[in-house]
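Student: Here it is: the structure, laid out below.
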Amino acid sequence: MSDVLRVQWTIIPATAPEPWLNCNRCRGTTRFRTSGKIRVNANGKRLDAWLIYKCTSCDSTWNRPILERRHVSTIDPHLLASLQANDPDLSRRLAFEKVRRNLKVEHFDDATVRKEVVSESARPTCRLEIVCVVPETTGLRVDRLLSTELRLSRSRIQSLQSAGHLEASPEGLRRPLRNGLQVRIELRGVHDGDDIALAAMGGEA
Ligand SMILES: [Zn+2]
């Protein structure tokens, strides 16, 4: 058995991005939050669909266009059924998609992390390799993720990196997580290496 522990973390953000838009009632720029509701309007064979957002201050609505004047025959039947059923999986997916260029968007860093062991290692573990699956955009930074999930302080994470024991690629520690992020931590000679390995697998301390 190898002495490398490989794990996969899937990060599920809790809060969808919130765009800043002009609110007529607030008379200024405010953040809008998805209501999770989809509105569909059919006009003959043409169809419009919107995801409904609400101003976080006054509840005014903003209709984010999903489909505009689309001929029904050109819409994928599964998509059409999901739009008409107000399918929560679809409205969530839409809420995490990029709104449009040049729009200021607030990203959040609350998330759930699902941990799976890809290949176990012999004890003691000499190296930990983490691959992150990030299907939706998140504002969660790499150092915060590692600190929370490995139960280490952020300064410890930083010093592991400075000492050359930790490597996050391709983005580095201070950037928001992106799909495919890989983290390698050398645990050889690290006094709490077993605790770090256990936390990486999702075990209790
Ligand atoms: Zn408002």
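FYI, it's all coordinate maths here, none of it is from the lab. Just so it is clear, the structure is predicted and the values come from calculations on it, not from any experiment.
Student: Using the Kirkwood radius over C-alpha pairs as Rh, can you work out the diffusion coefficient of the chain via Stokes-Einstein at 4 °C, viscosity 1.567 mPa s, in µm² per second? All intermediate terms of the calculation are to be shown ahead of the outcome.
Tutor: On the way: Rh = 19.6 Å.
Here the translational diffusion coefficient equals 66 µm²/s.
Student: Please report Rg over Rh for the range 109-205, where both radii come from the alpha carbon positions and Rh follows the Kirkwood definition.
Tutor: My calculation puts Rg/Rh at 0.93.
Student: Using a Cα distance threshold of under 24 Å, what count of lysine pairs results for the chain when pairs must be 8 or more residues apart or interchain? Mind dumping the intermediate values first?
Tutor: Details: LYS37/LYS45; LYS37/LYS54; LYS37/LYS98; LYS37/LYS104; LYS54/LYS98; LYS54/LYS104.
Count of close lysine pairs: 6.
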